[in-house]
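One structure is given below, encoded as structure tokens.
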Amino acid sequence: MKKIFKRYVPLLAILVMAVMLAACSSATGNEKDAAATAAPAAASPATAENAQAAKTVYPLTIENHTNNGEGTEWTAKAQTFDKAPEKVVANTQGAAELLIKLGLTDKMVGVAALYGAGDPAVQEEFKKIPVISQDYASKELVVGRGPDLVMGRGGLFADADWGVGTVGGLNELGIKTFVQSTSLQGATLDSLYKDIEQLGQIFDVQEKATAYIAELKERAAKLKEGAAAGGKTFAYVSDGGNGAIAVYSGNVDTFAGDVLGLLGLTNSYADVTGEISKEQLIATNPDVLLISVYTGGIDADQSIQAFYADPSLQSLKAIQDKAIHKIDFNQFWGYSYSIFDGAEKLASELAAAK
């Protein structure tokens with residue numbers, strides 16, 4: 001699970017523990033989203049009035065992120081753009097969808113890591129983007145597209161068969177990089193707004209970026225107002241094999257945790273590192289269990305039925321209340337706006353269960 005979350009997002013590390021590990025991890029070339037080690041830059045979106053009047057003046061320098069490869073600490077690094085990028089590779093589906101939302105479909109020359117159906121609202125535009133790989137793309141595949149910018153999940157910027165290459169290595173080739181702040185440990189919703197603001201500056205689409213930030217803030221406000229969970233605790237779980245429950249702490253996935261907090265959900269293991277046993281899960285007894293669904297993964301419905309039938313889990317509130325909910329991997333670990341779609345769906349389910 002840890003590796004799945006790590007490479008998949010943090011690659012649904014434990015969520016997909018053995019499963020994701022197999023389906024999304026090293027062997028499957030999944031996510032070692034080891035991105036989770038640096039706090040993203042603070043967000044300070046420009047006001048609507050300023051953004052409407054603003055026009056990017058190149059060269060433009062923004063502060064982004066770098067590290068020395070998988071598992072190393074993220075630090076600040078400036079990226080300077082002499083002009084708006086013309087050939088962009090997105091290392092995940094979520095990153096590509098965000099660019100589509102900003103009207104930048106024609107700027108993309110490649111996308112990888114298609115682990116779900118994606119956002120239906122941008123489906124037709126998404127079809128126009130060349131798919132480099134259905135799985136995580138290697139540096140060779142990415143560089144082969146001749147990009148002037150590679151953007152997306154931080155944990156995939158690594159020299160590995162599932163990685164697009166390090167930030168430093170790509171920069172040395174003359175390729176700019178944009179690591180999504182949302183994919184780094186310490187990220188919050190403000191990190192998403194900051195990413196959108198900076199992309200608006202980089203591509204000189206600041207009015208669109210400002211308008212979209214405002215739209216997302218409205219959605220966030222509605223989720224918080226509804227607070228469907230009403231102060232419940234949750235834990236990420238997955239099928240560790242043969243219906244055995246596995247737990248993923250999610251302690252590095254602070255972006256998802258921040259959004260789930262709008263629903264009134266608190267991660268039972270937000271401060272926990274290392275493996276979490278079934279005994280620990282039973283002792284903690286969270287109110288809600290969340291299981292990720294992704295392309296190539298174990299059938300989540302079968303796993304849920306196995307959990308409900310497991311005699312050793314019958315003391316859990318979530319088992320007694322039938323409170324195991326499926327969440328879409330692409331939405332919650334795409335580090336993009338689609339997390340709102342997933343959160344709104346979950347909010348509806350939680351409200352209906354009251």
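Brief remarks on what is shown
- Test: ASP161 is surrounded by fewer than 19 Cβ atoms within 10 Å (Cβ to Cβ), in contact (Cβ under 8 Å) with a residue 12 or more places away in the chain and not in a helix (DSSP H, G or I): yes
- When the residues of region 79-97 are filtered to those that are open to solvent by 10 Å² or more (accessible area, probe 1.4 Å) and not polar (S, T, N, Q), the one that is farthest from SER336 (Cα to Cα) is ASP82.
- Selection of region 90-117 for residues being under 13 Å from the mean Cα position of the chain (by Cα) and more than 17 Å from MET151 (Cβ to Cβ) yields TYR115, GLY116.
- Some residue of region 74-88 being touching a Ser or Thr at 6+ places or on another chain (Cβ under 7 Å), assigned to a strand (DSSP E or B) and of a type in the set (Ser, Thr, Tyr): yes
- Flag if SER238 is closer than 21 Å to TYR115 by Cα and crowded, with 18+ Cβ neighbours inside 10 Å: yes
- Matching residues, region 105-136, being of a type in the set (A, V, I, L, M, F, W, C), in a loop (DSSP other than H, G, I, E, B) and surrounded by fewer than 22 Cβ atoms within 10 Å (Cβ to Cβ): LEU114, ALA117
- For region 137-156, the tally of residues that are in a loop (DSSP other than H, G, I, E, B) and either more than 18 Å from LEU104 (Cα to Cα) or under 20 Å from the mean Cα position of the chain (by Cα) (or both) stands at 4.
- Any hit, region 272-291, residues being open to solvent by 10 Å² or more (accessible area, probe 1.4 Å), touching a Phe, Trp or Tyr at 6+ places or on another chain (Cβ under 7 Å) and hydroxyl-bearing (Ser, Thr, Tyr): no
- Hey, LYS326 open to solvent by 20 Å² or more (accessible area, probe 1.4 Å) and in contact with a helix residue (DSSP H, G or I) (Cβ under 7 Å, 6 or more places away or on another chain) or not: yes
- Taking region 223-334 as the region of interest, the helices (runs of 4 or more DSSP H) fully inside it that hold 1 or more residues being under 15 Å from ALA347 (Cα atoms), in contact (Cβ under 8 Å) with a residue 40 or more places away in the chain and out of contact with any Leu (no Cβ under 9 Å at 6 or more places or on another chain) are 254-262, 329-332.
- In region 335-354, the residues that are part of a loop (DSSP other than H, G, I, E, B), surrounded by 14 or more Cβ atoms within 10 Å (Cβ to Cβ) and not polar (S, T, N, Q): TYR335, TYR337
- Positions within region 308-318 being surrounded by 20 or more Cβ atoms within 10 Å (Cβ to Cβ) and in contact with an Asp or Glu (Cβ under 9 Å, 6 or more places away or on another chain), in sequence order: ALA318
- Unmet criterion (only one of (1) buried (at least 24 other Cβ atoms within 10 Å of the Cβ); (2) in a helix (DSSP H, G or I); (3) in contact with a helix residue (DSSP H, G or I) (Cβ under 6 Å, 6 or more places away or on another chain)) for TYR193: (1)
The values are calculated or read from the model by the stated rules, or taken from the named source; none is laboratory data. The structure presented is a predicted model; accordingly, all values stated were derived computationally and were not measured. A quick note on method: Cβ atoms are made from the backbone with ideal geometry, for glycine too, and the neighbour counts reach across all protein chains shown. Quick note on the areas: whole protein, heavy atoms, side chains included, nothing else; ligands and nucleic acids left out. Shrake-Rupley method; radii C 1.70, N 1.55, O 1.52, S 1.80 Å.
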